[in-house]
Amino acid sequence: MEGTGKYTTTTEVPVFNLPAIYNKITKLEIICLKEDVDSITEVIDPYGSTGEKGDGIIYVLDVLQVFKIRTGLGNLEDIVRNEREN
C-alpha cells in the first residue's frame, strides 16, 4: 500500500480504500506529528482489525531527521510551515 501527499477528507472518519496491487500482505506507513499519533492509531485499531491472526502490529517510532527534497528544507518546523503556507 502506498500513498503520498496530503490526506484530506470530508468525512469524520477517514477511509483508506487503496487496493493491494501486488500482494495480499500490505504495509502501511504513516509519518505524522507527535500530537496526531493517538488519533491515527485510534482509527487504525478498530477499523483495521478483523480479529484474525495476521491483523498486524502498530509500531510508533521517532523520526530522527527530515529533509524535504523539493524545497531543500531540513527542519520539521520549517517544512510544516511551508506546507501550510502553500
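The values are calculated or read from the model by the stated rules, or taken from the named source; none is laboratory data. Owing to the predicted nature of the structure, the values given are computational and were not obtained by experimental measurement. All Cβ positions, even for glycine, are placed from backbone atoms using ideal geometry, and neighbour counts span all protein chains on display.
Results, tabulated for the structure shown:
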read-out	value
Restricting segment 58-80 to residues that are under 30 Å from Asp45 (Cα atoms) and of a type in the set (D, E, K, R), the residue that is surrounded by the most Cβ atoms within 10 Å (Cβ to Cβ)	Lys68
Subset tally (residues that are outside any loop (DSSP other than H, G, I, E, B) and surrounded by 13 or more Cβ atoms within 10 Å (Cβ to Cβ)) for segment 40-57	4
Evaluation of Arg70 against (1) modelled with pLDDT under 90; (2) part of a loop (DSSP other than H, G, I, E, B); (3) within 12 Å of the chain's Cα centre (by Cα) (one fails), failing number	(3)
